[in-house]
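Colleague: After the structure tokens below, expect a handful of questions from me.
The values are calculated or read from the model by the stated rules, or taken from the named source; none is laboratory data. Quick caveat, the model's predicted, so the values are computed rather than measured. Positions of Cβ are backbone-derived with ideal geometry, glycine not excepted, and every protein chain shown enters the neighbour counts. In case anyone asks, the SASA skips ligands and DNA or RNA and just uses the protein heavy atoms, side chains included. Shrake-Rupley method; radii C 1.70, N 1.55, O 1.52, S 1.80 Å.
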Amino acid sequence: MNTNFAKKSIRFLFAAIVIAISVIFTVFASGETVAQEPMSFVGTIWAMFPPVIAILLALITKEVYSSLFIGILAGGLLACNFNVVNTVDTIVQKGLIAAVSDNAGIFVFLVILGILVALISKTGASAAFGRWAQKNVKSRSGAQLSTFGLGVLIFIDDYFNCLTVGSVMLPVTDTHKVSRAKLAYIIDATAAPICMIAPISSWAAAVSGYVDSEKYSGLEVFIRAIPYNFYSLLTLIFVIAIVVMKLDFGPMKTHEVNALEKGDLFTTGESTNKLEDALEENHKGKVLDLVLPVIVLIIVCVFSLIYVGGFFGTDIWGGTDYKGDFIGAFGNTDATVGLPLGSLVALIVTIVYMLCRRVISFKEAMNCIPKGFNAMVPAITILTFATALKNMTTGELNAAGFFEEAMKGSAGSLGAFLPAIIFIVASFLAFSTGTSWGTFGILIPIVTVLPGLPEELLFICISAALAGSVCGDHCSPISDTTIMSSAGAQCDHVNHVNTQLPYSITVAAVSFVSYIIAGFVQNVLIALPVAIVLMIAVLFGIKALTKKKAQ
């Protein structure tokens, strides 16, 4: 009780301080005796204050909504020089309304996925798939490796990965008492990291678009950077290793012990999403009723993505014709349009299929629509607040400008340490802003024009920017991919962040050392094997330490 009171006190105290400071600044700013211009926080280190305070509050209080809102409020106040009226206007228009507009397509995709999950559960297919998994997936390790394998296979888009893998694998991991926090981590670890090393993905297309080089094509740069993308590659190795070694540490260990010994999959005693609370005992449901909708969803979404990109002729925006060019169309697509379009078609096909199978009635199918929407409200709310905070940080306070100037001023003197420094800068920027695309969008143009870089070091630096972007995105509570992973696993968001951080930081530390080595040797045949050996050695060291503490 005292702990909860202390956490609430921290939130209210900080909010009161922010409001008090804003009133004071407003009074002084409006006074006629003040001769100088009000201080500008735009493009300075202060631009990082709102996301940092929001993240710290979320980790301390374990409550994400008020923490994000306080971050948004702080960002608005700084952007408007503590003018209260302008702050409210900025928060509403450029923060919240713009966030809803930016994410409208993803919201539609989320809701449709929620409806699909509700439909599949109503037919009894989820329960049937759980029974099938109990017979065919023999162990907890098998359930986790199956989740990992499906995540690797769905490399097209990270949003699509997070929600699809979660929907399919929940019955499997629940059957084998895998905690929701562990499921969320595996989903997150095979979302952005796998997309960042897949040449055919929305991420490859985004990276290619930011490369401005007369000597290399964007796709060539992306492919040549893959072997040096230590964070993404080592994350995949890390997941396999901890599953095979049965190694868990930090807060994740508590969640896994509670799931295995007490049957408590959430540790907190409740989930964010209530769809799983009552798996329907509809004995008409079969495993096919789950597998077929997922297959249809994947196929239709891939087709809709390349359709939006112009694979079948001039793209829907009236731009370039990529007819017959799969890679070109994928590079030109817009996932916020393609995914809602594909999922809507898949939803209609699924409803028709289930009605023809007579596993549910039309009325029951329609009742799943509000149920699916309600299930996704927490994810939509967090995503809206996180995007609004991102708008305050990168849009209104121009955090990108601050980092750009800092990088340009110091990059030339760093030499072989440059990749490691770029990795750290990218990680911090992505962690603070919650966007990997925005981070490498800032850093790649800077790296590609740095003078005097040897060719191999150039690709190492580009890869460091990409790896750091994924790392920060992976760790950040305000990252859309982190939020989607929580939604896909139906896991409390703060629980997911707390349990994931020690794992992500471990891989980041090994990646940092690996970039120092790579900067000096500049040979992937040496640097990559050394990085892998270091990662495995660190895990064996952690296992030895945890065993020693347990004795």
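Colleague: Please enumerate the residues belonging to the range 185-203 that are in a helix (DSSP H, G or I) and either charged (D, E, K, R) or at pLDDT 70 or above (or both). Can you show your working first?
Modeller: Quick first cut of the range 185-203, residues in a helix (DSSP H, G or I) only: 185-189, 192-195, 202-203.
Selection gives Tyr185, Ile186, Ile187, Asp188, Ala189, Ala192, Pro193, Ile194, Cys195, Trp203.
Colleague: Step by step: first the residues of the range 454-466, then only those that are touching a residue at least 24 places away in the same chain (Cβ under 8 Å) and surrounded by fewer than 24 Cβ atoms within 10 Å (Cβ to Cβ), then the one that is farthest from the chain's Cα centre (by Cα). Which residue is that? Walk me through how you get there before you give the answer.
Modeller: Of the residues in the range 454-466, the ones touching a residue at least 24 places away in the same chain (Cβ under 8 Å) are 454, 456-457, 459-466.
Now narrow it down to the ones that are surrounded by fewer than 24 Cβ atoms within 10 Å (Cβ to Cβ): 454, 456-457.
Working: Pro454: 33, Glu456: 29, Leu457: 28 Å.
Among residues in the range 454-466 that are touching a residue at least 24 places away in the same chain (Cβ under 8 Å) and surrounded by fewer than 24 Cβ atoms within 10 Å (Cβ to Cβ), the one farthest from the chain's Cα centre (by Cα) is Pro454.
Colleague: Let me ask you something else. Kindly indicate the residue of the range 395-444 that is open to solvent by 30 Å² or more (accessible area, probe 1.4 Å) and not in a helix (DSSP H, G or I) and also modelled with the highest pLDDT among those meeting that condition.
Modeller: Asn398
Colleague: Those residues that are of a type in the set (Gly, Ala, Ser) and open to solvent by 10 Å² or more (accessible area, probe 1.4 Å), I need them from the range 467-504; list them, please.
Modeller: First, the residues of the range 467-504 that are of a type in the set (Gly, Ala, Ser): 467-469, 472, 476, 479, 485-489, 504.
Answer for the range 467-504, where residues must be of a type in the set (Gly, Ala, Ser) and open to solvent by 10 Å² or more (accessible area, probe 1.4 Å): just Ala487.
Colleague: Filter the range 514-551 for residues that are polar (S, T, N, Q) and within 27 Å of Arg224 (Cα to Cα); which is surrounded by the fewest Cβ atoms within 10 Å (Cβ to Cβ)?
Modeller: Step one: of the range 514-551, the residues polar (S, T, N, Q) are 514, 522-523, 546, 551.
From what's left, within 27 Å of Arg224 (Cα to Cα): 514, 522-523.
Values: Ser514: 27, Gln522: 18, Asn523: 12.
Checking each candidate, the answer is Asn523.
Colleague: Further question: Test Leu389 against the criterion of being at pLDDT below 80 and not charged (D, E, K, R), and give yes or no. Can you show your working first?
Modeller: Details: at pLDDT below 80: no; not charged (D, E, K, R): yes.
No.
Colleague: Assuming Lys135 fulfils every condition listed in (1) open to solvent by 20 Å² or more (accessible area, probe 1.4 Å); (2) under 18 Å from His493 (Cα atoms) apart from one, which condition is it?
Modeller: Tallying (1) open to solvent by 20 Å² or more (accessible area, probe 1.4 Å); (2) under 18 Å from His493 (Cα atoms), Lys135 fails exactly one: (2).
Colleague: Ok, one more. Give the residues of the range 72-111 that are within 19 Å of the chain's Cα centre (by Cα) and open to solvent by less than 20 Å² (accessible area, probe 1.4 Å), sorted by residue number.
Modeller: Ala99, Asn103, Gly105, Ile106, Phe109, Leu110
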